[in-house]
């Protein structure tokens, strides 16, 4: 049993290590409590509860780590009453066919389980069948490595909450039940992520559009102004902003109104995109105040990914990774309007 436990923990660590590689994809973990029914065999049904922690790793893959406990009254012939239970620790990968409001997925994983079967013998039945030694009281347990596979569906209610319905089999070499069917329903809640890490950023070219009496600075370089995936200003941010103000011929001492708008691209979590666009706009406000602009005339706005420059036709969903990030670069921008 010790060898099986070490094997399960080793395999679980291999699956969980994917998180280290993909942390920048989406920093927000979520918690998923579930309840449902379990079926150890065709004639037996019980109930179970589970608690999982999950994380989006890529555009198509989540990892969920969870514990569960299921209990059933096992209808075993020859016994007055009997009870079967299974405790399980699992690490599972979910592959999503879509990331829209309705999100179908398939799942597979590994884990470690402990099964327990207790029963009270029926002496009369044993005597009638002539097998008195077979139907005595039983108290048996076994532990084993588990394999799991199944399918499910998520429904996104809000950017921070979704429903999950799934059906999966847990397979093992247990001495009691070697396969269990679980059907579960739960509500997941995203946890607050700090610091924010998201959105691989590729530098767009600066474009300065000047109008009088209103002057608008478009597409200030995100990579030049901010550290990757955050609202922390880079050492060169002050110089880049100063150059843009000079190029637009703006006298900061004569301004009456300034609006700073942060934008993000469509990748990643919508709620995180909104927050980072707001925080980046606030960071640029601090930079403008340092250059002599009155804080009272500066308004900051975060638009998230709601006003993209590109279209789906420009950057189709078939693009992945760096190619998609490069194509969506114009969407990640800071726009400053001064009057």
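The values are calculated or read from the model by the stated rules, or taken from the named source; none is laboratory data. Please read all numbers here as calculations on a predicted model, not as lab measurements. Reconstructed Cβ throughout: ideal geometry from the backbone, glycine too, with neighbour counts over all protein chains shown.
The condition (being modelled with pLDDT of 85 or more, assigned to a loop (DSSP other than H, G, I, E, B) and touching a helix residue (DSSP H, G or I) at 6+ places or on another chain (Cβ under 9 Å)) is satisfied by just one residue among 230, 256: 256. Within the set 173, 166, the sole residue that is out of contact with any helix residue (DSSP H, G or I) (no Cβ under 7 Å at 6 or more places or on another chain), assigned by TED's automatic domain parsing to the domain that holds residue 35, closer than 30 Å to residue 321 by Cα and modelled with pLDDT of 75 or more turns out to be 166.
The set of residues in segment 259-274 that are more than 17 Å from the chain's Cα centre (by Cα) and surrounded by fewer than 23 Cβ atoms within 10 Å (Cβ to Cβ) comprises 259, 261. Taken over segment 29-53, the criterion of being within 9 Å of the chain's Cα centre (by Cα) and buried (at least 20 other Cβ atoms within 10 Å of the Cβ) is satisfied by 30 alone.
Checking each residue of segment 63-72 against the condition of being outside any helix (DSSP H, G or I), loosely packed, with under 14 Cβ neighbours inside 10 Å and either touching a strand residue (DSSP E or B) at 6+ places or on another chain (Cβ under 8 Å) or modelled with pLDDT under 85 (or both) gives no match.
What residue, of 304, 321, 292, is surrounded by 14 or more Cβ atoms within 10 Å (Cβ to Cβ) and at positive phi? It is 304. Being at pLDDT below 80 and either closer than 27 Å to residue 56 by Cβ or not assigned by TED's automatic domain parsing to the domain that holds residue 315 (or both) is the requirement here; does residue 277 meet it? For residue 277, the condition - at pLDDT below 80 and either closer than 27 Å to residue 56 by Cβ or not assigned by TED's automatic domain parsing to the domain that holds residue 315 (or both) - is not met.
Remark: residue 304 falls outside the filter, which requires a residue to be over 27 Å from the mean Cα position of the chain (by Cα) and in a loop (DSSP other than H, G, I, E, B).
Only one of these conditions is not met by residue 224: (1) modelled with pLDDT of 65 or more; (2) in contact with a strand residue (DSSP E or B) (Cβ under 9 Å, 6 or more places away or on another chain). Which number is it? (2) is the only condition that residue 224 fails.
Here is a check on your reading of the model: is residue 249 under 35 Å from the mean Cα position of the chain (by Cα), modelled with pLDDT of 80 or more and not assigned by TED's automatic domain parsing to the domain that holds residue 56? Against the criterion (under 35 Å from the mean Cα position of the chain (by Cα), modelled with pLDDT of 80 or more and not assigned by TED's automatic domain parsing to the domain that holds residue 56), residue 249 does not qualify. Given the structure, is residue 95 in a strand (DSSP E or B), farther than 30 Å from residue 324 by Cα and either in the same structural domain as residue 146 (by TED's automatic domain parsing) or modelled with pLDDT of 95 or more (or both)? Considered against the rule, which asks whether it is in a strand (DSSP E or B), farther than 30 Å from residue 324 by Cα and either in the same structural domain as residue 146 (by TED's automatic domain parsing) or modelled with pLDDT of 95 or more (or both), residue 95 comes out as no.
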